[in-house]
Amino acid sequence: MFKTQILYQNDEKWKNTKLGNSSETIGGWGCLLTSVTMMLNGIGYNETPESVNQKMKSAGGFQGAFFIPSVLPYVWPNCAYRDMQPCESFPAPISQIDAAIAAGKPVILQVDWNKQAGIQTHFVLIKEKKGNDYVLYDPYKYGGDGPDKEVLLTTRYKYNGAKIDSEISGVLWFDSYSAAPPEPPKVTKVPLPADKYTLYAAEDDLALRADPSVGGFLWKRMIMGTELISLEPKATAKAKLGVNGQWINVQDPKGDQGYVAAWYVSDTKGQPAAPATTKPAPAIAANPASKPVSASTSNSSLPAGALAFLPIEELSFRSQPVIAPETLIRRIPVTEQLVSVEPANVVIPKVGVTGQWLKVRDASNKEGYVAAWYVKYAGGSTAQQAAATTTATAVSGGPLKVKAAAEGVALRKQPIISDATLIKRVALGTEFTVTEPNGEAKIGKNDQWLKVKDSTSTEGVVAAWFVSR
């Protein structure tokens, strides 16, 4: 169960407030804003739709009336925005939603509030699962609604079959780094040095911390290009650029001070950080035999069906699948894409599983290991090899059936990974009928495609490494 206090977008206190940078009002169009406000309060903040509206405006979190969830962590550091998963054309990922609710994580749903054709978008926050339904914190107050009134998803929103997997047209995934934001430490401001040295965030999500370590209190996250002033002498700060394990004391444009990872900043705006090097060894090594092992740079081709991933939080990139100081190569930001160098059928069972490791290639083409329980799919496969198409005929001995072995498997017009070839995405376990001869030999092969049709007789191809018997 996710616990928070119910708030209503059409509350008299703020319903007439202009939403974002538009002429619309919170009362009329502020359902996502209000759902997010309830979510923030549930992870330890104390906000109103009006205060969140103003803070998001100041942070560039609106495009007109359009609310941009990815800006939230830059204003509320304890909030982690994971993704928005559309599911208008295939069943909602109920098992994933249930798992998040069981873990006490906030989940916001997109639903259809009107019986007119198409999706009349409304956003609601889930409170808990009840039977085969969800109890909601609905940000729009209808007559009779109140803190003690239970609102069920399929009772209130029932224009697409009145089942949870069909009524949900989108899912916004959130998390928090702790049950409540930790108390900020007391700090004494450092005066600006005479020799001003300007630095720039070279990655989105650059953390400003109270102490020079990844465990230091997180003041905020900053977007790429944020201008920073070094509070250290220029020569000292410049020597640290691109060095793993080094931190630079800086001040941001708002006058807030703290430390940033030297390997994620640049002294030229718009330029990437300098190539990372290893922090110099101390004068006396505690264990001379325990030295960091550099990741290899590989020019070998990726396996067919190699998968792309993003970290769900700042992630350790290691030379071996072992958590130890000597295996740490560097920290990977949540914006950096990784590509697996193992076959898809080896990788898929590991993703999200505690104790499992993935061998991956980072943005600089270096290979190493990351914890499989700290990554998410980045939107599909890369480097697949298209199989030759064959004429669809009846399968001898009766139709061969296969099932989707992952969430969001793509049914495509052609065996090419592209938005233009996508017909639909389907839920885990969705059954297909194979429409080509000798298709069984391809099942699970990460360089093959299967011609299939689904239960609606829609025909297309699916990646053979994403299906099973």
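Going through (1) modelled with pLDDT under 80; (2) farther than 30 Å from Glu203 by Cα; (3) basic (Lys, Arg) one by one, Lys424 falls short only on (1). The number of residues in the range 164-190 that are free of Cβ contacts under 8 Å to residues at least 12 places away in the same chain and farther than 23 Å from Ala80 by Cα comes to 2. Residue count for the range 452-469 satisfying the condition of being part of a strand (DSSP E or B) and in contact (Cβ under 8 Å) with a residue 24 or more places away in the chain: 8. Answer with yes or no whether Pro77 is modelled with pLDDT under 95 and out of contact with any helix residue (DSSP H, G or I) (no Cβ under 7 Å at 6 or more places or on another chain). Yes: the conditions hold for Pro77. For the range 248-284, residues that are assigned to a strand (DSSP E or B) and at pLDDT 60 or above total 11.
Scanning the range 11-37 for residues that are in a helix (DSSP H, G or I) and more than 21 Å from Ala99 (Cα to Cα) turns up Ile26, Gly27, Gly28, Trp29, Cys31, Leu32, Leu33, Thr34, Thr37.
Residues in the range 352-408 that are outside any loop (DSSP other than H, G, I, E, B) and small (Gly, Ala, Ser) were compared, and the one that is modelled with the highest pLDDT is Gly368.
Go through the range 207-217 and give me each residue that's out of contact with any Asp or Glu (no Cβ under 9 Å at 6 or more places or on another chain) and either at pLDDT 85 or above or closer than 11 Å to Trp247 by Cβ (or both).
Arg209, Ala210, Asp211, Pro212, Ser213, Gly216
Taking the range 224-237 as the range and being outside any loop (DSSP other than H, G, I, E, B) and either crowded, with 17+ Cβ neighbours inside 10 Å or among the hydrophobic types (A, V, I, L, M, F, W, C) (or both) as the test, the residues that pass are Leu228, Ile229, Ser230, Ala235, Ala237.
Residues of the range 48-60 that are part of a loop (DSSP other than H, G, I, E, B) and free of Cβ contacts under 8 Å to residues at least 24 places away in the same chain: Ala59, Gly60. In this structure, is Pro86 under 19 Å from the mean Cα position of the chain (by Cα) and either of a type in the set (Ser, Thr, Tyr) or within 26 Å of Lys129 (Cβ to Cβ) (or both)? Considered against the rule, which asks whether it is under 19 Å from the mean Cα position of the chain (by Cα) and either of a type in the set (Ser, Thr, Tyr) or within 26 Å of Lys129 (Cβ to Cβ) (or both), Pro86 comes out as yes.
Rundown of residues vs (1) surrounded by 14 or more Cβ atoms within 10 Å (Cβ to Cβ); (2) more than 24 Å from Met84 (Cα to Cα), yes/no style:
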| position | (1), (2) |
| --- | --- |
| Asn114 | no, no |
| His122 | yes, no |
| Leu125 | yes, no |
| Asp133 | yes, no |
| Lys141 | yes, yes |
| Leu153 | yes, no |
| Tyr159 | yes, no |
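Going through (1) closer than 20 Å to Ile101 by Cβ; (2) more than 23 Å from the chain's Cα centre (by Cα); (3) of a type in the set (Phe, Trp, Tyr) one by one, Tyr8 falls short only on (1). Among the residues of the range 319-327, some residue qualifies, meaning at least one is under 23 Å from Ala207 (Cα atoms), β-branched (Val, Ile, Thr) and out of contact with any Lys or Arg (no Cβ under 9 Å at 6 or more places or on another chain).
Residues Met56, Met39: which one is farther than 22 Å from Gly146 by Cα, out of contact with any His (no Cβ under 7 Å at 6 or more places or on another chain) and not assigned by TED's automatic domain parsing to the domain that holds Pro311?
The match here is Met56.
On inspection, Asn53 does not qualify as closer than 20 Å to Tyr8 by Cβ, exposed (fewer than 14 other Cβ atoms within 10 Å of the Cβ) and of a type outside the set (Phe, Trp, Tyr). Looking across the range 211-263, the residues that are under 24 Å from Val71 (Cβ atoms) and among the aromatic types (Phe, Trp, Tyr) come down to Phe217, Trp219, Tyr259.
Considering each residue of the range 320-338 in turn, none proves to be surrounded by fewer than 17 Cβ atoms within 10 Å (Cβ to Cβ), within 25 Å of Lys442 (Cα to Cα) and either under 19 Å from the mean Cα position of the chain (by Cα) or modelled with pLDDT under 80 (or both). Taking the range 76-130 as the region of interest, the strands (runs of 3 or more DSSP E) fully inside it that hold 3 or more residues being touching a His at 6+ places or on another chain (Cβ under 8 Å) are 107-112.
Within the set Leu7, Leu40, the sole residue that is at negative phi and assigned to a helix (DSSP H, G or I) turns out to be Leu40.
The values are calculated or read from the model by the stated rules, or taken from the named source; none is laboratory data. The shown structure was predicted, so the numbers you read here are calculated from the model rather than taken from an experiment. Every residue, glycine among them, receives a Cβ derived from its backbone with ideal geometry; neighbour counts consider all protein chains shown.
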